[in-house]
Amino acid sequence: MIPSFPSHFLQILILDPFTTKLVSSCCKMSDLMAEGITIVEDLYKSREPVPEMKAIYFMSPTSKCVDAFIADFKLKPKYKAAYVYFTDYCPDDLFNNMKLYCAKYIRVVKEINLSFLPYEAQVFTCDNPGAFRSIYSPHSQDKRRTLETMADQIVTLCATLGEYPGVRYKNNMENTKALAELVDNKLSAHYELDEPGKKKEKTQAQVLIVERGFDPVSPILHELTYQAMEMADTSIATLHLFMLQKSRFSSLKSRETPSSCHPVKAGFHSFSLRSLLSVLQKTVHLHLAEDCMNQYQKSVEKLCKAEQDLAVGSDVEGVKVKDPMRTLLPVLLHNHSTHDKIRAVLLYIFSLSGTTEENLNKLIQNVKIEHEREFILNWKELGVNIISAPSRRERPEETYNLSRWTPVIKDVMEDAVENKLDTKEWPHQSECPAAWNGSGAVSARQKQKTSTLDDRRGGARLIVFVIGGMCYSETRCAYQVSQAVKSCQVIIGSSHILTPTALLEDIKALSKGPMETFTICENHA
């Protein structure tokens, strides 16, 4: 990711909060040390000057970052020289400020097009949970700027992958067309910068843009994978890690082993620190899994069955749910948390494609959120206020009774790789060459021999971007569809990863007034 230099050049690496996450997701400290980096510093924190050393700055092209950089050299230089790498295009005014105050010390300035956060092999985010409120709040003052930033990040993803894709968007949704136009224009501008005669032509790739209101069900359901259950309550993981470290190291400290006793003769194995940490990690995950199972057996199993029946519209035997209220009522009568009851009420409303105001009021009173009606009413800001559910294709019975629901985004991915998306429902902002069909991809709904990433490198890519957050079940769809086809890799991204509780709190917060000025404006001092 970071260009290689002789080790004596790379001694100090200075990162902003975003690039810290970016570097952490891609490499370990040992990898950095192998490149000659001995110190990693925070751009925004006070740092001791090291005038005999050269520093590399890896940062976002924002006024806040550039101001912090200039402060390191304007009065008294903290380092001998600076090698500056931006995650994206640096605006001329910021670049000129750097030259004005720091030209004497700058050895390199490069833009490396990497302003997205790799989350998994086929998943990326813009690392911006605040985008939800910026885009959907009726009081938002920076919606356009947020969409512009996301478009820039999507373009850097395409540039990193070497793709110049066609762009399509879900019709009749407020923000999809706006983002599609921005992405298409910025892609064109990016590749216009290529040398004359070497301008990149369109590649066999597509970007599909959709937003959260397209499928309100998937992020509301309880998901029973270990990843989703663990991340739904990070406090459990934090507590376990602290308690296990404390107990393990306390026991090691209190264990009396005579210094003259040879470890092998005493019946002990000699463990390295790495081995010890590995054991601790496995123990933490074991305890987490046990906690998840206990929670599941205690109350989640019946709750999940009710959720799946409401979402799918039929029970595990395939019998249609004729009266969804009979499915919802036991959930409301049980001592589930308020958030869980709200999620069930939402699934009930979505299953009926709407309910009467009188019935809605009764449900709100039952859940006791009369003064927090925004949990339900604010879905209108996403275009989901009692919406009609999209028509779904018939699918074979799933393996797990409590995971019968299939995210709507999987339907879209499958139709896209088979070139079956309706052009009225999914208009082209820009076409890709010829009729795109996943470059020879076979049906995603047929069981196929799993193909490796190497097998697909010569094929096409489908990049799906969800405005307003994506959930873990949706990220798995990218892998499932990729494995089902022979020559298409599906990549999914969004502003951030959703958890159900965080989504409900974000929905509720949409009614709040304008955000304070200092939270949306950068410091230009």
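Does region 298-360 come out rounded, prolate or oblate by the C-alpha gyration tensor, with a ≥ b ≥ c the root eigenvalues, rounded set by a/c under 1.5 and, if not, prolate when a/b is larger than b/c and oblate if not?
Details: a/c = 1.96, a/b = 1.04, b/c = 1.89.
Verdict is oblate for region 298-360.
Whenever you get a sec, compute what percent of the accessible area on region 301-341 sits on carbon and sulfur atoms (1.4 Å probe). List each step's numbers first, then the result.
On the way: 1240 of 2370 Å².
Whole-percent figure for carbon plus sulfur exposure: 53.
Using 11 Å as the cut-off for backbone N distance, which residues of region 45-63 belong to the label zone defined by a point 7 Å from the Cα of residue 80 along Cα→Cβ?
51-55
Where does each of 480-489, 467-476, 37-46 land if you order them by average Cβ count within 10 Å, highest first?
By packing density, highest mean first, the sequence is 467-476, 480-489, 37-46.
Starting from the Cα gyration tensor of region 1-136, take the square roots of the eigenvalues, sort them a ≥ b ≥ c, and report rounded, prolate or oblate (rounded when a/c is under 1.5, otherwise prolate if a/b is larger than b/c, else oblate). Intermediate results must be reported in sequence, preceding the final value.
On the way: a/c = 1.93, a/b = 1.26, b/c = 1.54.
Because a/c hits 1.5 or more and a/b fails to exceed b/c, region 1-136 counts as oblate.
For region 81-124, list residues with backbone N below 12 Å from a point placed 7 Å from the Cα of residue 160 toward its Cβ?
What the label zone holds, given the 12 Å backbone N cut-off, is 87-88, 112-124.
Residue-wise, which Karplus ³J(HN,Hα) couplings in Hz belong to region 123-129, taking 6.51 cos²θ - 1.76 cosθ + 1.60, θ = phi - 60°, and x for glycine or proline?
Values per residue, Gly and Pro as x: 9, 9, 9, 8, 6, 9, x Hz.
Give the lysines reachable from residue 110 as a straight Cα distance under 22 Å; neighbours fewer than 8 places away on the same chain don't count.
21, 54, 64, 74, 78, 80, 99, 186, 198, 199, 200
Report the full-extension gain for the segment residue 425 to residue 48: residue separation times 0.36 nm, less the Cα-Cα distance, to one decimal in nm. Walk me through the numbers on the way to the answer.
On the way: separation 377, 0.36 × 377 = 135.72 nm, distance 5.73 nm.
Separation in residues times 0.36 nm, less the Cα-Cα distance, equals 130.0 nm.
To the nearest µm²/s, what D does Stokes-Einstein give for region 57-198 at 4 °C and 1.567 mPa s, using the Kirkwood radius over alpha carbon pairs as Rh?
On the way: Rh = 17.1 Å.
Result for D is 76 µm²/s.
If I stretch the segment between residue 38 and residue 361 completely, what's the gain in nm (0.36 nm per residue apart, minus their alpha carbon distance), one decimal? The partial results should precede the final answer.
On the way: separation 323, 0.36 × 323 = 116.28 nm, distance 6.15 nm.
Full extension from residue 38 to residue 361 adds 110.1 nm.
The values are calculated or read from the model by the stated rules, or taken from the named source; none is laboratory data. Since the structure is predicted, the reported quantities are computational estimates derived from the model, not experimental observations. Glycine also receives a Cβ, built like all others from the backbone with ideal geometry; neighbour counts cover every protein chain displayed. When the accessible area is computed, the model is the full protein with side chains, heavy atoms only, and any ligands, DNA or RNA have been set aside. Shrake-Rupley method; radii C 1.70, N 1.55, O 1.52, S 1.80 Å.
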